[in-house]
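**Q** Here it is, the structure, as C-alpha cells.
Laboratory data are not the source of any read-out in this text; all were calculated from the coordinates shown. On a predicted model such as this, the values are computed, not experimentally measured, just so you know. Cβ coordinates were reconstructed from backbone atoms using ideal geometry, including for glycine residues, and neighbour counts include every protein chain displayed.
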Amino acid sequence: MMERVRGRFIVLALTGSIAVYKMIELARRLVQAGATVQVVMSKGATEFVTPLTFQALTYRPVEVEMFAMQDERAAGHVAMGRQADVVVVAPATAHVLARLAHGFSDDLIATTVLATSAPVVVAPAMETHMWLNDATQANVRALRARGVRIVEPDTGPLASGEVGPGRLAAIERIASAIDDALAVSQTLAGRRVVVTAGPTIEAIDPVRFVSNRSSGKMGYAIAAAARDAGAEVTLITGPTALAAPAGVRTFPVESADDMKEAVLAQLPRADAVIMAAAIADYRPIERVTKKLKKKELGREMTVRMTENPDVLKAIVAARRPGTVVVGFKAETGDATAEASRMLRDKNLDLVVANDVADPRSGFGSDEDRVAFVSADGIEQLPLLAKSEVARRLVDKLAERLGQ
Ligand code: CTP
C-alpha cells in the first residue's frame with residue numbers, strides 16, 4: 001500500500017490533538033517503507049508525545065515550534081517545504097485548518113505548507129461540533145479548492161466522550177492518501193498542456209459587456225493538477241476573481257477572438273489542449289468606442305449579436321497528429337448525450353460533461369458532478385471537489401498521451 005514512499009522526503013507535521021500518538025505508528029511505517037521522514041511538531045503536539053519518540057523512530061532531529069519565527073529560520077523552512085515530496089499535516093486541529101486556509105506564515109508548519117509546491121495531505125481531528133462548524137467546513141472547502149487533499153475524519157467515540165465525526169482517520173487511510181499524492185507526481189513530465197478557463201467578455205461599449213457565469217475554478221484546478229503532474233502548463237484565462245496558480249504561465253484575455261488567437265499561438269507546442277473556458281457564443285456586432293448614452297438610446301436598447309468563432313473547431317483543424325483535445329459540455333438536460341454528440345461532431349478525444357442543473361455542481365461551486373465521454377464510453381463520476389475532478393482528468397490525459 002505504500003510502494004511509492006521509498007526514497008521520498010516526507011514532512012510530517014503534527015499539531016495539538018490527543019491523536020498525535022497514532023502518528024507514532026504512521027511515522028514508523030513510512031520509515032520502514034523507505035521514506036525519509038522529517039517530523040515537525042507544534043508546541044501543542046509536544047504536550048501529548050515527546051519529540052524524542054519521533055526522533056528515535058525517524059533517525060532525524062524533530063523540528064519543534066516554540067517561538068514566533070525569525071526571518072532566518074523562516075528561510076530555512078521555506079527550504080524544507082521546497083525539498084518535500086509531500087507535506088502531511090496530521091492530526092490537524094481546527095486552529096491549524098484556519099491558519100492554513102488563510103495562508104499564515106508565522107510558524108514552521110504554516111510556512112512549510114505555504115512554501116511547498118509538493119502535494120499537501122491534511123488529516124483533521126477534533127471534537128464533532130468543531131468539525132461540523134461552518135467556519136471549519138469553509139476552511140476545509142477553501143483548502144480543498146486549492147488542491148489540498150483532505151483525509152476526512154472518521155466517526156466514532158471521541159476523547160471528549162461524545163460520539164460523532166471528528167476522530168482522526170485510520171492511519172491506513174492517511175497512508176494511502178500519502179501514496180496517492182506521490183503517485184500523481186510525474187505522469188505528465190515533459191508534456192506541454194494548454195488550459196483555457198473562465199468566461200470571455202464581449203464588449204458592447206467601453207463600459208458594458210456580455211458574459212456568462214463561469215468562475216474559472218475548474219480550469220484553474222486543471223492547470224494546477226497538470227502542473228503537479230509535472231507538465232509545463234499554459235493557462236489562457238478570461239477575467240476571473242482567482243489568483244494565477246504558481247508555476248503556471250498565465251495569459252489573461254477578454255474576448256473569444258483574443259482567446260482563439262492565444263490558443264492557436266500555443267497550439268504548435270502543445271501535447272494537449274483542455275478547453276474548460278466558457279466562451280461566449282455570441283458577441284455584439286458593433287463595438288462602440290464611446291460609451292452609449294441613455295438619452296440617445298431611448299427607452300429600449302437593442303444589441304445585435306453575431307456568432308463567435310468556434311475555438312475548438314479551429315484547434316482540431318490546426319492540431320498536429322497526436323495532440324489531445326478536450327472539450328467541456330455544460331448542460332441543464334442530458335449532458336452525456338450532448339457530450340457524445342459533441343465528441344463525434346467536433347472530432348475530440350474527450351468531452352467532460354457537467355450537469356449544471358444541480359446547484360451543487362457547476363458554475364461557481366467548488367464541486368462538480370461530471371462524466372468523461374470518449375470513444376471508450378461514458379464514465380460517470382460522483383459529486384467531487386473540483387480539484388479531485390481535475391486530478392482524475394489529468395490521469396485520463398496521462399493515459400491517452402502514454403498510448
Ligand atoms: N467553445 C469553443 N468556441 C466557442 C464556444 C465554445 O471552443 N465559440 C468550447 C468551450 O471551451 C467548451 C465547448 O466548446 O469546451 C462548449 O461547447 P458548446 O457547444 O459551446 O457548449 P455549450 O455552450 O454548452 O452548448 P450550447 O450553447 O450549444 O448549448
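**Q** If you take every DSSP beta bridge whose two residues both sit in the chain, what share of them, in percent to the nearest 5, is antiparallel?
**A** 30
**Q** Quickly estimate the mean residue ellipticity at 222 nm for the chain, helices only: each DSSP H run with n ≥ 4 gives -39500 (n - 2.57), and the total goes over all residues, rounded to 500. Walk me through the numbers before you get to the answer.
**A** Values: 15 runs with 146 residues, N = 403.
Value at 222 nm, helices only, nearest 500: -10500 deg cm²/dmol.
**Q** Along the stretch 116-132, what does the Karplus equation 6.51 cos²θ - 1.76 cosθ + 1.60 (θ = phi - 60°) give for ³J(HN,Hα), rounded to whole Hz, x for Gly and Pro?
**A** Per residue, the Karplus-derived 3J(HN,Hα) values read 7, 10, 7, x, 10, 10, 10, 10, x, 8, 5, 5, 3, 5, 5, 5, 7 Hz.
**Q** Shifting gears a bit: For the stretch 192-402, what does the alpha-carbon gyration tensor say about shape, rounded, prolate or oblate, given a ≥ b ≥ c as the root eigenvalues, a/c under 1.5 as rounded, and a/b over b/c as prolate? Please report the intermediate quantities before stating the final value.
**A** Working: a/c = 1.77, a/b = 1.58, b/c = 1.12.
Prolate, because a/c is 1.5 or more and a/b exceeds b/c.
**Q** To one decimal place, what orientation-averaged projected area in nm² is obtained for the convex hull of the Cα set of the chain?
**A** 23.5
**Q** What is the stretch 9-181 by shape, rounded, prolate or oblate, if you read a ≥ b ≥ c off the alpha carbon gyration tensor as root eigenvalues and call it rounded for a/c under 1.5, prolate for a/b larger than b/c, and oblate otherwise? Before the final figure, lay out the partial values.
**A** Working: a/c = 1.44, a/b = 1.21, b/c = 1.19.
Note, shape of the stretch 9-181 comes out rounded.
**Q** Determine, from the Cβ-Cβ distance of Lys293 and Gln55 and an R0 of 51 Å, the FRET efficiency 1/(1 + (r/R0)^6), rounded to the nearest 0.05.
**A** Numbers: r = 74 Å, r/R0 = 1.45.
The calculated FRET efficiency here is 0.10.
**Q** Also: Would you kindly derive the ³J(HN,Hα) couplings of the stretch 296-308 from the backbone phi angles with the Karplus curve 6.51 cos²θ - 1.76 cosθ + 1.60 (θ = phi - 60°), listing them in order in whole Hz, with x for Gly and Pro?
**A** Those phi angles translate into 7, 6, x, 7, 10, 10, 10, 10, 8, 10, 10, 5, 7 Hz.
**Q** Write down the radius of gyration of the stretch 210-271 and its Dmax, each obtained from C-alpha positions, in Å.
**A** 11.8, 36
**Q** Ranked from highest to lowest mean number of other Cβ atoms within 10 Å per residue, what is the order of the peptides 203-209, 29-35? Don't skip to the end; give the middle numbers.
**A** Details: 203-209: 15.0, 29-35: 18.4.
My ranking of the peptides, most packed first, is 29-35, 203-209.
**Q** Between Met41 and residues 5 or more places away or on another chain, which pairs have amide H atoms under 5 Å apart, with H built 1.01 Å from N, and which residues are they?
**A** When sequence neighbours closer than 5 places are left aside, the close amide H contacts are Leu14, Glu63, Val64, Glu65.
**Q** Once amide H atoms are placed 1.01 Å from N in the peptide plane, what residues at a sequence separation of 5 or more from Glu367, or on another chain, have their amide H within under 5 Å of its amide H?
**A** Those qualifying (amide H under 5 Å, at least 5 residues apart or on another chain) are Gly362, Lys386.
**Q** Which of the peptides 363-374, 336-347 is most tightly packed, and how do the rest follow, judged by the mean count of other Cβ atoms within 10 Å per residue? Don't jump to the answer; show the numbers that get you there.
**A** Values: 363-374: 20.3, 336-347: 16.1.
For the peptides 363-374, 336-347, the packing ranking is 363-374, 336-347.
**Q** Sticking with this structure for a sec: Give me the percent of DSSP beta bridges within the stretch 113-248 that run antiparallel, rounded to the nearest 5.
**A** Values: 6 of 14 bridges.
Restricted to the stretch 113-248, the bridges split so that about 45 percent are antiparallel.
**Q** From the Cα gyration tensor of the stretch 137-288, with a ≥ b ≥ c the square roots of its eigenvalues, which class applies: rounded if a/c is under 1.5, or else prolate if a/b is larger than b/c, or else oblate? Write down the numbers at each step before the final one.
**A** On the way: a/c = 4.37, a/b = 1.82, b/c = 2.40.
Note, shape of the stretch 137-288 comes out oblate.
**Q** Note down the Stokes-Einstein diffusion coefficient of the stretch 303-369 in µm²/s, whole number, using a Kirkwood radius over alpha carbon pairs, 4 °C, and 1.567 mPa s.
**A** Details: Rh = 13.4 Å.
The diffusion coefficient I find is 97 µm²/s.
**Q** Please list, in chain and number order, the residues 5+ apart from Ser215 or on another chain whose amide H is under 5 Å from its amide H, with Hs placed from the backbone.
**A** Those qualifying (amide H under 5 Å, at least 5 residues apart or on another chain) are Gly364.
**Q** Can you list the HN-Hα couplings for the stretch 233-249, worked out from phi with the Karplus curve (6.51, -1.76, 1.60; θ = phi - 60°), rounded to whole Hz and with x for Gly and Pro?
**A** 3J(HN,Hα) across the stretch 233-249, in whole Hz: 10, 10, 10, 10, 10, x, x, 9, 8, 8, 7, 4, x, 5, x, 10, 6.
**Q** Moving to a separate point now. Counting alpha carbon pairs within less than 8 Å and at least 6 residues apart, what relative contact order, in whole percent, applies to the chain? Walk me through the numbers before you get to the answer.
**A** Values: 884 pairs, mean separation 46.0, N = 403.
RCO, the chain: 11 percent.
**Q** Sorted by packing (mean other beta-carbon atoms within 10 Å per residue), highest first, where do 158-164, 86-92 land?
**A** Packing order, densest peptide first, comes out as 86-92, 158-164.
**Q** With a cut-off of 8 Å between alpha carbons and a minimum separation of six or more residues, what is the relative contact order of the stretch 192-402 in percent? Show your work: numbers first, answer last.
**A** Details: 450 pairs, mean separation 43.1, N = 211.
RCO, the stretch 192-402: 20 percent.
**Q** Within 13 Å, Cβ to Cβ, of Lys43, how many net charges do the neighbouring residues add up to if Lys/Arg are +1 and Asp/Glu are -1?
**A** Details: positive: none; negative: Glu47, Glu63, Glu65, Asp107.
After counting each charged neighbour, the total is -4.
**Q** May I pose another question? Longer than 28 Å from Cα to Cα, which of Lys260/Lys386; Lys22/Lys386; Lys313/Lys396; Lys260/Lys346; Lys291/Lys329; Lys260/Lys396 are they? Say none if no pair is.
**A** With Cα atoms farther than 28 Å apart: Lys22/Lys386; Lys291/Lys329.
**Q** Hey, in the GNM for the chain with a 10 angstrom Cα cutoff, which one of Ala226, Ala246, Ala84 fluctuates hardest?
**A** Answer for the Gaussian network model of the chain: Ala246.
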